[in-house]
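A quick write-up on the structure given underneath.
The values are calculated or read from the model by the stated rules, or taken from the named source; none is laboratory data. Computed from a predicted model, the values in this text were never measured in an experiment. Here the Cβ positions follow ideal geometry from the backbone for every residue, glycine too, while neighbour counts run over all protein chains shown. Just the protein is used for accessible areas: all its heavy atoms, side chains included, with ligands, DNA and RNA removed. Shrake-Rupley method; radii C 1.70, N 1.55, O 1.52, S 1.80 Å.
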Amino acid sequence: QVQLVESGGGLVQPGGSLRLFCAASGSIRRINAIGWYRQAPGKQRELVATINSGGSPNYADSVKGRFTISRDNAKNTVALQMNSLKPEDTAVYYCYAEVTDWSTRTRGSWGQGTQVTVSS
């Protein structure tokens, strides 16, 4: 069983910054891709950023140049540095990972989500 625990969400003013953190634990042999999705009220969950096992990032167009994703393979963690935040970034942010466990089963795992609110 794999568990993802998120932290770092909160309330910030437009133009401010937040850093989200996600730690994976459990029966982890390998984390393939790991990243962040977000969901605003009344909208579908959307990709924010992902990073593969080699460290190559992928970003949604809406966050390019403002957000930076990073991972620490030794600690099984991923972070999302969010700068120049806009009100439209307001959403629940979810950590997601594709994990291969020690039984060689590969599946997706979701965190419980952390609220990010950008408001004046």
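Of 77, 100, 50, which has the largest mean-square fluctuation in a 10 Å C-alpha GNM of the chain?
Residue with maximal mean-square fluctuation among 77, 100, 50: 100.
Need the full-extension length gain, residue 64 to residue 1, defined as separation in residues times 0.36 nm minus the C-alpha distance. One decimal, nm.
The span from residue 64 to residue 1 would gain 19.4 nm if fully extended.
If R₀ is 41 angstrom, what is the calculated FRET efficiency for the pair residue 25 and residue 86, using the beta carbon separation as r and rounding to 0.05? If you can, show how the numbers build up before the last one.
Working: r = 32 Å, r/R0 = 0.79.
In this case the efficiency is close to 0.80.
Between 74, 24, 60, where does the largest GNM mean-square fluctuation fall for the chain, given springs only between Cα atoms within less than 10 Å?
74
Pairs of alpha-carbon atoms within less than 8 angstrom and 6+ residues apart define the contacts here; what relative contact order does the chain have, in percent?
36 percent
How large is ³J(HN,Hα), in whole Hz, for each residue of region 62-68 in order, when computed from phi with the Karplus curve 6.51 cos²θ - 1.76 cosθ + 1.60 and θ = phi - 60°, using x for Gly and Pro?
5, 10, 4, x, 10, 10, 9
For region 106-119, take each phi angle, set θ = phi - 60°, evaluate the Karplus expression 6.51 cos²θ - 1.76 cosθ + 1.60, and give the result in whole Hz per residue in order, putting x for glycine and proline.
Values per residue, Gly and Pro as x: 10, 8, x, 10, 10, x, 7, x, 9, 7, 10, 10, 10, 7 Hz.
Can you list the HN-Hα couplings for region 19-34, worked out from phi with the Karplus curve (6.51, -1.76, 1.60; θ = phi - 60°), rounded to whole Hz and with x for Gly and Pro?
With coefficients 6.51, -1.76 and 1.60, one gets 10, 8, 9, 9, 10, 9, 9, x, 7, 10, 8, 7, 9, 7, 9, 9 Hz.
Which net charge results for the neighbourhood of residue 110, defined as the other residues with beta-carbon distances under 13 angstrom from its beta-carbon, given Lys and Arg at +1 and Asp and Glu at -1?
On the way: positive: 38, 45, 107; negative: 6, 98.
Net charge in that neighbourhood comes out at +1.
In terms of Cα to Cα distance under 27 Å, which lysines are near enough to residue 86, apart from those fewer than 8 places away along the same chain?
Counting by Cα, and skipping residues close in sequence, residue 86 has these lysines nearby: 43, 64.
Among 19, 38, 29, which one moves the most in a GNM of the chain with springs linking Cα atoms closer than 10 Å?
29
Name the long-range amide H neighbours of residue 90: under 5 Å, sequence gap of 5 or more, or other chain; modelled H, no Pro or chain starts.
118
If you rank 46, 6 by how much accessible surface each has, with a 1.4 Å probe, what is the order from largest down?
Order by accessible area, largest first: 46, 6.
Suppose R0 equals 35 Å. What FRET efficiency, 1/(1 + (r/R0)^6) with r the Cβ-Cβ distance, do residue 106 and residue 17 give to the nearest 0.05?
Values: r = 34 Å, r/R0 = 0.97.
Step by step, r from the Cβ atoms, then E = 0.55.
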